[in-house]
Amino acid sequence: MAQRLTATVALVTGASSGIGEATALALAAEGAQVAVVARRRDRLEDLAARIGDAGGRALVIEADVTERQQAEGAVATTVEQLGRLDTVVNNAGVMLLGPVVDAPVEEWERMLSLNVQGLMYVAHAALPHLLQAAADGPREVADLINVSSVAGRVARNGSAVYNATKHAVGAFSEGLRQEVTQRHVRVSLIEPGAVDTELPDHNRPAIREHLQQRFADVERLRSEDIADAIAYVVTRARHVAINELLVRPTEQQA
């Protein structure tokens, strides 16, 4: 099958593991040059080497997108080094669960900073380049993918602030979609259910144990499943926009 993203450039945040890593590999397999962005440079370099071994090209950018200048710099470096920007996958995020009562407020600040502000910083910096790609690029369309969660649809006891950040991602995505869709920049929201990644590992021990029990009988999604969904969205024909995609394990009820 022909590579559908040949002559295009993609940027993926949170690319050092999980969904971001799998997405970078999937987009590279479709022919895109990929800028991989995260804080763990060693993992990014390993990912870039694997993409290179498969015949692709990856640009390693060590950055913390919660810092506005670093987010803007990641976008600028991508365009300077790879020449353009056609696809952005805003994947970087953190999930820190627990009750609101007596919660460590620092966890809230971390989630808001990364899940909301960091995503918005990257989107804002990328939009001029995406609009330009849609106007004169090889595909005459550009894509901004914001990775949310089923938590952006359904609020749960013990997940209030994480829910709030992911609902914010959904609202931002839809408002921006309406703003730029007639200029052929497609804004898409991807909402994974339970995925077997590092995401739960950042929680406090009691919460990690609760999550393990909750999903003990569920065959969780793999990162490659979400990467496949993202690749599907960004390879549609110019006149087709997948605005929102919810992907849950078959056995996950809520």
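Laboratory data are not the source of any read-out in this text; all were calculated from the coordinates shown. The model shown is predicted, which means the values in this text are computed figures rather than measured ones. Cβ atoms come from the backbone with ideal geometry, glycine included; neighbour counts cover every protein chain shown.
Distance between the pseudo-spin-label points of residue 153 and residue 54 (7 Å out from Cα toward the beta carbon): 2.8 nm. Computed about the Cα centre, the dipole magnitude for the chain is approximately 480 debye when only Lys and Arg (+1) and Asp and Glu (-1) carry charge, each at its Cβ. Counting neighbouring beta carbons within 10 Å and listing from fewest to most, the residues 242, 226, 19 come out as 242, 226, 19. The calculated FRET efficiency for residue 217 paired with residue 179, based on their beta-carbon distance and R0 = 51 Å, is about 0.75.
Could you compute the FRET efficiency for residue 202 and residue 131, with r as their C-beta to C-beta distance and R0 at 35 Å, rounded to 0.05? Using R0 = 35 Å, I get an efficiency of 0.50. Placing +1 on each Lys and Arg Cβ and -1 on each Asp and Glu Cβ, with no other charges, gives the range 94-245 a dipole about its Cα centre of roughly 360 debye.
Each peptide in 179-191, 20-32 gets a packing score, the mean of other Cβ atoms within 10 Å over its residues, and the list from highest to lowest is 20-32, 179-191. Using C-alpha pairs under 8 Å with a sequence gap of at least 6, the mean separation divided by the residue count of the chain gives a relative contact order of 19 percent.
In the chain, helices alone account for a calculated mean residue ellipticity at 222 nm of -13500 deg cm²/dmol, with every DSSP H run of four or more residues adding -39,500 (n - 2.57). Output the relative contact order of the range 104-198, whole-number percent, from Cα pairs under 8 angstrom with separation of 6+ residues. Rounded, it is 33 percent for the range 104-198.
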